Amino acid sequence: MFEFIKKSRGILGMNSRNLEYIRPYNRACAKKLADNKLLSKKILKKNDIAVPALIAQIKTLEDLDIFDWQSLPDSFVLKPNRGFGGEGIVVIYGRKKNRSDAWIKADGSIVTIDDLKNHTRNILDGSYSLSGIPDIAFFEERLKLLKLFKPYAFKGIPDIRIIVFNKMPIMAMLRLPTKESRGKANLAQGAIGVGIDLASGVTTTAVLGKQKIIEYIPGTRLLLSGIRIPYWMDILTLAVRSQEISNLGFLGVDIAIDKERGPVILELNARPGLAIQVANLDGLKGRLKKAVGIKIKTLKKGIRVGMDLFGGEIEEELEEISGKKVIGTVEKVKLIGKDGKEIEVEAKIDTGADWSSIDNELAKKIGFTETIEEFEKLKMPYEKLKNLDKEKRWEIYKNIPDIASTIPVKSSNGYTYRPMINVEFIMDSIIVSTKITVIDRSHMQYSMIIGKVNLKKFLIDISK
Amino acid sequence: MNETSFSMSPILTFFLNTGVPFETIKLILMLPIIATFIAFLRQVVGIKAFGIYTPLLITFAFLATNGIKYGIAIFIIIILIGMLMRIALKSFRLLYLPRVAIMLTIVALFILIMLAFSGSLKRTGLASVSIFPILIMITLVEKFIAVQIEKGDRAAIFLASETLVISILGFYLASWEALIHFIIFYPWIILLTIPLNIVLGKWTGLRLNEYLRFGEIIKKS
């Protein structure tokens, strides 16, 4: 029991969030800015921060009466200015064919001008605003879904929530809309939250709704961990910049990635929710306590320190998460050649080389003696070969037993063509089946090098 | 219940002698205690309900109805009608206040029918419930609809159940003989709720339900 309470100390609860973070760090005027979407949009834009473009706004019932609905583009989003938790937002995907007064919503249902008018009236009435006060409705550009996210997101657009404190990114999560959340990226409504490693921008653990820990998108085999968020540095920069601009000391920034425009800020949040902790399986309070005393002078340093302090500690976990093995610059490799002949060698990992290669003698040891001897016998000069096209060249070599192809290789005495053979090798328990170049490495320290084509399943740690 | 059998603080005797009804004094003294109790449930246990005002009023409505079972019955009927009417009115797409007004009308009618019905069955308990507690409970409809719109059906039902639980607990707390004796004898102890609330207001620990909510994180660390 005592242990349990001690362990929970790193978690940020509601009481502490309100009393120790929101109250002292988020001034009333800064909170007002965050709660007013139009105002925060305007101020962010003034500071050259990318935000979804504003199409039009309706402030009063008179505005509503004279509003020209035909002036709206084919796709747009209708939002309440002071809405929260994603309520009251209507996403329009396109115009209904053959009708001038109707559009199609995210779920395929039809929305008429009358529906939109009614919804706008409800917004103006304050049905979706924080305390029921009269509100403004506005139309903004609909962001386009990034290809990467397509299989993961149901209907809506995923966004990335980042907690910023003391000019540092503290914690981040990717929010994926689901069928249950009706296309909204809101965890309270049943969206998926996926934790993100701050240092790498790669997703880690995931939660469905408020509490259920999951590994895959429900009903699919889509793994939620190991997704690399594109534009990661830009996203962190945007997040910290928006804290500087908004003056919210304890800030939750929502950033979406548009297919064409890249990362844009959707919303600033003065009262960020606590579910991000479950998505990351880590407490916020522990991180906030670490961050509080550090003096951050520049934006770059804030991001750097945040990434170092709160990300990247998960090196061993990285293998699990990314599905990639972490290897050093020299690795033991078990080479499997013709007729299952095996030999274990030390190979040099060389990201400068496109293909992997082995020494002539090594190739012979694993059963390709005949191949190499036949190849050498032909003694074709490079000058002659280089002018031939692929088919002609292959015509010369195709009768050599077990040859897979040929490849030009640069060595100390100019270019030569070298044979390639099909082998399999096992490195760090992963089996790689590949074409490999056979060259003369007798004067080199390692009889095998592993090049880029065979390194896709590995991450290299130069200090290992 | 024979009031004179209580041992009583001299201040209260003074009040009674000036003609303030005992029941009124009792309820007023109970109010800060119930309020503190609700604050405690929110800050330490994590039961949210519909804020502090609604569960407080419902508690007192329960105290004023003849026996808690009628109170609970009226509460549940109001919530059920709220849910049904939302479905029924959905296709009309009405604005907020007219929608609430319609719901209030239906709830009022329904309660009227219920009162008449129970009267005809000679179940006078319900029919003799005074009108103010019923009116207080009807205002619950607005709270319920507001949450329904903002956070959806599930959240509204959840918060309504929490409100019901708090109100029932509050009812039993306020009907607890020993507590009543105590505050009648030491009415000034209600002042103790102020420092108690200062402590609650500075409480930054996890709420009990947050230990549950974040259980996975605690397990993992």
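The values are calculated or read from the model by the stated rules, or taken from the named source; none is laboratory data. Nothing here was measured: the structure is a model prediction, and the numbers come from that model. Counting neighbours? That spans all protein chains shown, and the Cβs are built from the backbone with ideal geometry, glycine included. Heads up: the accessible areas ignore ligands, DNA and RNA and are worked out on the full protein's heavy atoms, side chains in. Shrake-Rupley method; radii C 1.70, N 1.55, O 1.52, S 1.80 Å.
Scanning region B:151-181 for residues that are open to solvent by less than 20 Å² (accessible area, probe 1.4 Å) and more than 14 Å from chain A (Cβ to nearest Cβ) returns B:Ala160, B:Thr163, B:Ile166, B:Ser167, B:Gly170, B:Ala174, B:Ile180.
Select from region A:125-134 the residues that are crowded, with 22+ Cβ neighbours inside 10 Å and closer than 24 Å to B:Ser91 by Cβ and write down the one among them that is nearest to the other protein chains (Cβ to nearest Cβ). Explain how you work it out, then say what you get.
At the first step, the residues of region A:125-134 found to be crowded, with 22+ Cβ neighbours inside 10 Å are A:127-129.
When the remaining residues are screened for being closer than 24 Å to B:Ser91 by Cβ, the result is A:127-128.
Values: A:Ser127: 5, A:Tyr128: 7 Å.
Among residues in region A:125-134 that are crowded, with 22+ Cβ neighbours inside 10 Å and closer than 24 Å to B:Ser91 by Cβ, the one nearest to the other protein chains (Cβ to nearest Cβ) is A:Ser127.
Does region A:98-114 contain at least one residue that is within 11 Å of chain B (Cβ to nearest Cβ) and either out of contact with any strand residue (DSSP E or B) (no Cβ under 7 Å at 6 or more places or on another chain) or over 18 Å from A:Lys41 (Cα atoms) (or both)? Within region A:98-114, one or more residues are within 11 Å of chain B (Cβ to nearest Cβ) and either out of contact with any strand residue (DSSP E or B) (no Cβ under 7 Å at 6 or more places or on another chain) or over 18 Å from A:Lys41 (Cα atoms) (or both). Any residue that is polar (S, T, N, Q), in a strand (DSSP E or B) and under 34 Å from the mean Cα position of the chain (by Cα) - is there at least one of those in region A:108-130? Checked region A:108-130: at least one residue is polar (S, T, N, Q), in a strand (DSSP E or B) and under 34 Å from the mean Cα position of the chain (by Cα). Filtering region A:22-50 to residues that are within 14 Å of another protein chain (Cβ to nearest Cβ) and either touching a Lys or Arg at 6+ places or on another chain (Cβ under 9 Å) or over 23 Å from B:Leu200 (Cβ atoms) (or both) leaves only A:Ile22. Tallying residues that are within 12 Å of chain B (Cβ to nearest Cβ) and assigned to a strand (DSSP E or B) within region A:73-91 yields 2.
A quick yes/no check of all residues on (1) under 15 Å from A:Glu62 (Cα atoms); (2) not small (Gly, Ala, Ser):
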position	(1), (2)
A:Gly108	no, no
A:Asp115	no, yes
A:Phe138	yes, yes
A:Lys144	no, yes
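Across region A:183-214, the qualifying residues are those that are without any contact (Cβ under 8 Å) to a residue 24 or more places away in the chain and touching a Ser or Thr at 6+ places or on another chain (Cβ under 7 Å), and the one among them that is nearest to the other protein chains (Cβ to nearest Cβ) is A:Gly190.
Screening region B:17-33 for residues that are open to solvent by 60 Å² or more (accessible area, probe 1.4 Å) and of a type in the set (A, V, I, L, M, F, W, C) and picking the one that is modelled with the highest pLDDT gives B:Leu31. Contact map, region A:351-379: residues that are on the phi < 0 side of the Ramachandran plot and touching a residue at least 60 places away in the same chain (Cβ under 8 Å) paired with residues that are open to solvent by 80 Å² or more (accessible area, probe 1.4 Å) and not in a helix (DSSP H, G or I), Cβ distance under 8 Å, separation 6+ or inter-chain. Pairs shown: A:Asp359/A:Asp440; A:Asp359/A:Ser442; A:Asp359/A:Met444; A:Asn360/A:Asp440; A:Asn360/A:Ser442; A:Glu361/A:Ser442. Taking region A:264-314 as the range and being open to solvent by less than 10 Å² (accessible area, probe 1.4 Å), under 14 Å from A:Tyr21 (Cα atoms), within 14 Å of chain B (Cβ to nearest Cβ) and assigned to a loop (DSSP other than H, G, I, E, B) as the test, only A:Leu274 passes.
Counting the residues of region A:198-216 that are in contact with a Pro (Cβ under 8 Å, 6 or more places away or on another chain) and at pLDDT below 90 gives 0.
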